[in-house]
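Reviewing the structure listed below.
The values are calculated or read from the model by the stated rules, or taken from the named source; none is laboratory data. Here the structure is a predicted model, which means the values were calculated and not measured. Neighbour counts run over all protein chains shown; Cβ positions are idealised from the backbone, glycine included.
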Amino acid sequence: MRRLPESLTAAYVAQMGLFPAPGQWTYDDYARLPDDGWRYKAIQGELYMGAAPRPAHQRVIRRMILVTGAAGKTGKAVIHALAQANQAVRAWLHRPEQTEGLPIADSIVGDLEDPRLWPAACSGVDALYLICPNMHPRELKIGKLALQSAQAAGISLFVYHSVLHPQTEEMPHHWQKLRVEEEILRSDLPFTILQPCAYMQNILAYRTQIAASGRYAVPYTIYARFGLVDLADVAQVAARVLSESDHAGAIYELAGPANLSSAEVAQALSSHWQRPIQAIQAPLDEWERSARATGMPSNAIRSLGAMFRYYDRYGLLGNGNVLSWLLGRRPTSFAQFVEREFSGCGGAALV
Ligand SMILES: NC(=O)c1ccc[n+]([C@@H]2O[C@H](COP(=O)([O-])OP(=O)(O)OC[C@H]3O[C@@H](n4cnc5c(N)ncnc54)[C@H](OP(=O)(O)O)[C@@H]3O)[C@@H](O)[C@H]2O)c1
């Protein structure tokens, strides 16, 4: 923006006979300016003028981003972070009713395995954020469909929501993500890969149960350690990577600030609720029986069983430095997460 020279302001006055002298501009004068493609501002009585943003500039500051898995835990968090960053989202939903409460510009509904939907989903999109359904047995197929369609549509950034340590063959869903990463490296698309550790939010599904029983049960040793990460931090990074232009070619490991055992997680809950919460190891076959009773598909039971066996031996250790750098602050600690998510519930009232 530059201040209009007195001669130009005077030209307006002369041309239209309506506008005031320099130093005497009011909001009403400003509101009467012609819609001539320039941007005007009236500040302390002076008129300022600048060129209107060109379409290319507008694309940089507000891009259309396709987010898949949009109604899931991760998708919702990423979409809300993108809305905060003023980005427009096309959401890929599984079912039509899932749009409710999502701040989105546009949506597409259907199965991610359906090749007929992908070209329309990618049309007019600047960037794609690929979130695959949890434990999906054909994640590689979905990844390939996404890459082909993104390439055909000329998308400028392909971001893949992977997982920490995809190179662990003993966990089939991690191994599939590695195969998708391999396909991404082979494509000629600009890409960014995010590799988050297990979310702190996973415990929320058991909040009432833990509060009622005073026990935090896991189907692996309570001493295995995990770099648990706050999904809100991960979503903030996703929005940053999608809003800035300098993350192409990057693979970011996203872990929380500490590697915590389930015993320490239970301790953090005890401190918050001011009453004992005990971590216990539940037998894996007991977990498998109850998962089958809930109707969980057998391939998901197999994958989760393999994951728990791996966790039992190795945990999932990470380092929070990359996340600190991307956030520009220390990542959320588990104690801060508990303070935010568990206040007002699960205390003595539920005992
Ligand atoms: N949870 C973690 O700690 C963690 C950590 C790191 C990475 N990740 C990864 O993050 C990704 C998302 O996990 P999440 O926990 O957010 O998943 P989620 O909550 O289960 O959400 C998955 C979404 O995908 C939809 N969906 C399922 N099958 C579909 C299909 N065939 N076509 C289209 N949409 C389909 C689901 O809709 P319906 O409700 O209709 O089924 C749901 O809205 C996974 O790839 C996971 O491995 C998770």
For this session: Return yes when Pro115 is of a type outside the set (Asp, Glu), within 13 Å of the ligand (Cβ to nearest atom) and surrounded by fewer than 16 Cβ atoms within 10 Å (Cβ to Cβ) and no when it is not.
Result: yes
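Counting only residues that are within 9 Å of the ligand (Cβ to nearest atom) and more than 21 Å from Gly305 (Cβ to Cβ), how many does the range 195-227 have?
Total satisfying the criteria: 4.
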Exercise. Among the residues of the range 258-278, which ones are assigned to a loop (DSSP other than H, G, I, E, B) and within 27 Å of the chain's Cα centre (by Cα)?
Worked result: Ala258, Asn259
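Residue-by-condition table, conditions (1) surrounded by 15 or more Cβ atoms within 10 Å (Cβ to Cβ); (2) free of Cβ contacts under 8 Å to residues at least 12 places away in the same chain; (3) not assigned by TED's automatic domain parsing to the domain that holds Asp114:
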| site | (1), (2), (3) |
| --- | --- |
| Leu157 | yes, no, no |
| Leu164 | yes, no, no |
| Pro172 | yes, no, no |
| Gln176 | yes, no, no |
| Glu181 | yes, no, no |
| Gln195 | yes, no, no |
| Thr208 | no, no, yes |
| Ser213 | yes, yes, yes |
| Tyr223 | no, no, yes |
Seminar exercise, completed: The residue that is nearest to the ligand (Cβ to nearest atom), considering only those in the range 63-80 that are of a type in the set (A, V, I, L, M, F, W, C) and more than 17 Å from Tyr160 (Cβ to Cβ), is Ala71
Exercise. When the range 126-144 is examined, which residues are found to be more than 11 Å from the ligand (Cβ to nearest atom) and surrounded by fewer than 21 Cβ atoms within 10 Å (Cβ to Cβ)?
Worked result: Asp126, Leu140, Lys144
For this session: For residues that are without any contact (Cβ under 8 Å) to a residue 40 or more places away in the chain and of a type in the set (A, V, I, L, M, F, W, C), scanning just the range 81-107, find the one that is farthest from the ligand (Cβ to nearest atom).
Result: Ala88
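One line per residue, one yes/no per condition, for (1) outside any strand (DSSP E or B); (2) crowded, with 16+ Cβ neighbours inside 10 Å; (3) without any contact (Cβ under 8 Å) to a residue 12 or more places away in the chain:
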residue	(1), (2), (3)
Ile251	no, yes, no
Ile280	no, no, no
Glu288	yes, yes, no
Ser303	yes, yes, no
